[in-house]
Amino acid sequence: MPNSIKAITTQAAPQPFGHYVQATEAAGVVYVSGQLAARADGASLADQPFEIQARQALANIIAIVDGAGLSRDRIAKVTAYIVGVEYWPAFNAIYADVFGAHRPARAVVPVPELHHGYLIELEAIAVR
Amino acid sequence: MPNSIKAITTQAAPQPFGHYVQATEAAGVVYVSGQLAARADGASLADQPFEIQARQALANIIAIVDGAGLSRDRIAKVTAYIVGVEYWPAFNAIYADVFGAHRPARAVVPVPELHHGYLIELEAIAVR
Amino acid sequence: MPNSIKAITTQAAPQPFGHYVQATEAAGVVYVSGQLAARADGASLADQPFEIQARQALANIIAIVDGAGLSRDRIAKVTAYIVGVEYWPAFNAIYADVFGAHRPARAVVPVPELHHGYLIELEAIAVR
């Protein structure tokens, strides 16, 4: 019998907008759902500058990984979807500031738009 | 010697259009290739409404996971690429209907276009 | 205590442009960061035709997996982000030529643009 797939939930990040959980864990791997720039209380930062949105989306990822009982240095991979490749340098600078010495594998993927007009969506894989 | 990477194949989902397999399995993790709205016999639904395409792409993902001997509740993560973020609510409703109680981690990623004019592409990770 | 997340580094692929490593390895899974069409010495091929860019990005993925001590047939999943779905056939042909008998799971995701004007970005997951 396989170990069940565990839903990770935390009040320290926005609750899901749709039919998903903040993260799942299976076989020691935590899959974090796409996170937008909403605060834990659900308040949208979609009208805020990119830098503020990037920090919030990163905070959400890290809060969910923390909710799985893991520190941010257990994040192995981050995928960043950004609206406008011109935000790449700003994203990279904020990301470096947040992660410090830890450098996950990463892909930055420009997209034409995001839900509700957000400028950035982040997903991550962490490992127990 | 590592366990070999296993190709998952099923007749219940469209055969690959290119140089890939429907899914691979390695170390107990099943990686499902991007699935479009084609029927198992290869018939394209690219000219059909979004809702029909979404149901077909979901059916393909689930058929392939089933072909790996796993039920849909072993899906840990889904990534949905959609052409037009305005389809988000329709996608979410169909997705909830198909998955029922199970909620994988998920990211929805708007894209400018998809191969052959499809409106949705889904990929998934399932765990044995 | 968990096994630490290992940074994979090789001189045979371009050094990271930002706050990431070429790949991480955790629990036997290698996550390769998004690779563009730059040579190992950092020279950009962004002004070259798609075919040349595709071969370089593939070479970078394979060099990094090799740097982890794994052959290309240990790649379980590839995600290809391409600017312009019209490059799908060219991409598929080059990809088949490079991978030969091995067929990873794959998703091809059209994007509106990539960093520095590149036409293709590839990421991969390999398994020890």
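No value in this document is a laboratory result; all are computed from the given coordinates. On a predicted model such as this, the values are computed, not experimentally measured, just so you know. With ideal geometry, Cβ positions are generated from the backbone for all residues, glycine too; neighbour counts draw on all protein chains shown.
Can you confirm whether residue B:78 is within 21 Å of residue B:112 (Cβ to Cβ), out of contact with any His (no Cβ under 6 Å at 6 or more places or on another chain) and surrounded by 19 or more Cβ atoms within 10 Å (Cβ to Cβ)?
Yes; evaluated as a whole, the condition is true for this residue.
For the range C:77-97, give me each residue that is facing another protein chain (nearest Cβ under 9 Å) and within 15 Å of the chain's Cα centre (by Cα).
The answer is C:77, C:78, C:79, C:81, C:91, C:92, C:95, C:96.
So which residues in the range C:6-15 are part of a loop (DSSP other than H, G, I, E, B) and of a type in the set (Lys, Arg), if there are any at all?
Within the range C:6-15, none qualify.
Considering only the range C:37-45, I want to know if a residue exists there that is farther than 26 Å from residue A:103 by Cβ, surrounded by fewer than 24 Cβ atoms within 10 Å (Cβ to Cβ) and of a type in the set (Asp, Glu).
No, because not a single residue in the range C:37-45 is farther than 26 Å from residue A:103 by Cβ, surrounded by fewer than 24 Cβ atoms within 10 Å (Cβ to Cβ) and of a type in the set (Asp, Glu).
What are the residues in the range C:102-119 that are in a loop (DSSP other than H, G, I, E, B) and of a type in the set (A, V, I, L, M, F, W, C), if any?
Once the filter is applied, which keeps residues that are in a loop (DSSP other than H, G, I, E, B) and of a type in the set (A, V, I, L, M, F, W, C), the range C:102-119 yields C:111, C:114, C:119.
I'd like to know if the range A:105-116 contains one or more residues that are farther than 21 Å from residue B:81 by Cα and buried (at least 16 other Cβ atoms within 10 Å of the Cβ).
Yes; the residues of the range A:105-116 include at least one that is farther than 21 Å from residue B:81 by Cα and buried (at least 16 other Cβ atoms within 10 Å of the Cβ).
Starting from the range C:14-28, take each residue that is within 18 Å of residue C:45 (Cα to Cα) and list its partners that are of a type in the set (Asp, Glu), counting only C-beta distances under 9 angstrom and pairs at least six apart or across chains.
Hits for this filter: C:14/C:41.
Scan the range C:16-72 for residues that are within 9 Å of the chain's Cα centre (by Cα) and part of a strand (DSSP E or B) and jot them down.
Scanning the range C:16-72 gives C:32, C:33, C:34, C:35.
Pairs only if they're at least six apart or on different chains, beta carbon under 6 angstrom, first in the range C:32-51 and among the polar types (S, T, N, Q), second assigned to a strand (DSSP E or B); list them, first residue then second.
If the second residue must be assigned to a strand (DSSP E or B), the pairs left are C:33/A:105; C:33/A:106; C:35/C:122; C:44/C:38.
Which residues, taken from the range B:103-117, are facing chain A (nearest Cβ under 9 Å) and in contact (Cβ under 8 Å) with a residue 24 or more places away in the chain?
Selection gives B:104, B:105, B:106, B:107, B:108, B:109, B:110, B:111, B:112.
Suppose the filter is more than 13 Å from chain B (Cβ to nearest Cβ) and not basic (Lys, Arg); does residue A:59 pass it?
Taking the combined requirement at face value, the residue satisfies it.
If you check residue C:100 against the conditions, is it without any contact (Cβ under 8 Å) to a residue 12 or more places away in the chain and either closer than 20 Å to residue B:33 by Cα or facing another protein chain (nearest Cβ under 10 Å) (or both)?
For residue C:100, the condition - without any contact (Cβ under 8 Å) to a residue 12 or more places away in the chain and either closer than 20 Å to residue B:33 by Cα or facing another protein chain (nearest Cβ under 10 Å) (or both) - is met.
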